[in-house]
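Read-outs: derived from the displayed coordinates by stated rules, not from any lab. No experiment lies behind these values; they were computed from the predicted model shown. Cβ atoms come from the backbone with ideal geometry, glycine included; neighbour counts cover every protein chain shown.
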Amino acid sequence: MIVRTETIDQRIETYINDYQPDKIVVVVSETSEKLCLPKLQIYKKIDNIIYHLPDGDEAKKITYCEDFWESLLRENVTRKSLIIAVGGGAVLDFAGFCASVYMRGLPCIYVPTTLLSMVDGSEGGKTGINLYGTKNVIGTFTDPVAIMRNVDFLSTLNECELLSGWAEIIKHALLTGGNLMELVKKGMPLSSDIEAWMNIIRENVIFKKGIVAEDFKEKGQRKLLNLGHTLGHGIEAIHFEDPKINHGISIACGLYWESLLGYEMGFTNKETFDLVSSLVFPLFPKIGWNEMEVEPMTNLLMHDKKNHNGKIQLSLLKSVGEASYDIEISETEINEYLTKYAMAVHESND
Ligand SMILES: NC(=O)c1ccc[n+]([C@@H]2O[C@H](COP(=O)([O-])OP(=O)(O)OC[C@H]3O[C@@H](n4cnc5c(N)ncnc54)[C@H](O)[C@@H]3O)[C@@H](O)[C@H]2O)c1
């Protein structure tokens, strides 16, 4: 559900009145505490405990989990308590994971504050933290008790964070087509265009909910949501030292490179490949790899946790609204593809 901040307050209040938690713990990051928490009136009324995290993936560390669980014990937090996570995907993943295992499970409300976490991270029940640099390798499948999306939070997001969410929105539109694709073709709305954002976020949530309802544990069609993420994660990993190449840019470029691969394999039709290019490139820079990066990138892709039988498992588009998962690519095939397009990246960057 997508609402305005005052409605979130009412909904949290209703939940609290019904559930009667003995304690409420609000989890925030530095920025969400500064920019988002003050917009919620409810937190001023209730005598809650605030747990502070650093911004971004820095929070998704086991050391913070230990510290959080220790604080919960110190504050006598019980199964009858309630966690409210207010922040981007990192805060939600952290709070959702910690809540799901503390005393075998506390209820957790998500209040996503970034575009990405509104359209993706808050929905679907995946919680997770990182370990030794491997993303989301420790986690659970646990739904929050409620998700309260609030378009008012979008106004403080910078262009880069909006684009990060937009890359996932393009992915959802390619997978489902229909109304969402029509909205996406109009381009990214201004952050002040609340009505347009509410429509777009609603369509994304309906789409993701539908996929997850059929396949919560990602045994089948939920894998479609990995579209763009295999090459996207590879791009993100080889450019990890460059702060300008963030998750959203990597995923947007992953969508492009995977649709080109699909087109070369005779799987993705030309019209779809052209559409992907036209949705990605007016907004995102074209990031790829050079010849020196072909081997490291091949190695990274061969160690993807989604692989099976020593082969990469890709989700690829046939056309808009029609895609397949578990398409196998061998090490030789991916190496040849990366080698072929390494030159093109150099040329386009010159
Ligand atoms: N569980 C899932 O299904 C799922 C899906 C996608 C991504 N994720 C995870 O989510 C994380 C990425 O999510 P994200 O993009 O929300 O990143 P994030 O949580 O790191 O937030 C990005 C930045 O925006 C700031 N921020 C948050 N709200 C803001 C606001 N309203 N105004 C201004 N700044 C604000 C944050 O403090 C942070 O610095 C990753 O850890 C990723 O693994 C999880």
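Lysine pairs in the range 188-310 whose alpha-carbon atoms fall under 17 angstrom of each other, counting only those eight or more residues apart or on distinct chains, come to 13. Only lysine pairs 8 or more places apart, or on different chains, with alpha-carbon atoms under 15 angstrom apart are counted in the range 2-156, and they number 8. Listed by chain and number, the aspartates and glutamates whose alpha-carbon sits under 12 Å from that of LYS311, ignoring those within fewer than 8 places in the same chain, are ASP326, GLU328, GLU331, GLU333. Here the calculated FRET efficiency for ASP55 and PHE281, from their Cβ-Cβ distance with R0 = 35 Å, stands at 0.75, rounded to the nearest 0.05. For a label point 7 Å from the Cα of THR156 along Cα→C-beta, name the residues of the range 32-74 whose backbone N is under 11 Å from it. Of the residues in the range 32-74, 32-40 have backbone N under 11 Å from the label point off THR156. Under the √(5λ) rule applied to the eigenvalues of the Cα gyration tensor, what semi-axes describe the equivalent ellipsoid of the range 2-156? Give them in Å, descending. Equivalent ellipsoid of the range 2-156: 21, 19, 14 Å, largest first.
To the nearest 20 debye, what is the magnitude of the charge dipole of the chain about its Cα centre, counting +1 on the Cβ of each Lys and Arg and -1 on the Cβ of each Asp and Glu?
1100 debye
Once the Cα-Cα distance is subtracted from the 0.36 nm per residue extended length, the VAL137 to GLU182 segment shows a gain of 12.7 nm.
Once the GluC sites (Glu not before Pro) in DSSP loops with at most 15 neighbouring Cβ atoms within 10 Å are cut out of the chain, the longest remaining piece is 76-240. Loop-located trypsin sites (Lys or Arg not before Pro) in the range 163-204 (DSSP state other than H, G, I, E, B) with a sparse environment of at most 12 neighbouring Cβ atoms within 10 Å: LYS186. Treating r as the C-beta distance of GLU291 and LYS244 and R0 as 22 Å, the FRET efficiency rounds to 0.55. Mean projected area of the convex hull spanned by the Cα atoms of the chain, taken over all viewing directions: 17.1 nm². The label point for ASP274 and the one for ASN17, both projected 7 Å from the Cα toward the Cβ, are 5.7 nm apart.
Could you calculate the FRET efficiency of GLU30 with ASP326 from 1/(1 + (r/R0)^6), where r is the beta carbon distance between them and R0 is 30 Å, rounded to 0.05?
For R0 = 30 Å, the calculated efficiency reads 0.15.
Within the range 229-319, the chymotrypsin sites (Phe, Trp or Tyr not before Pro) that combine a DSSP coil assignment with at most 11 other C-beta atoms in a 10 angstrom radius are PHE240.
Helix-only arithmetic for the chain: the sum of -39500 (n - 2.57) across DSSP H runs with n ≥ 4, divided by the residue total, places the mean residue ellipticity at 222 nm at -15000 deg cm²/dmol.
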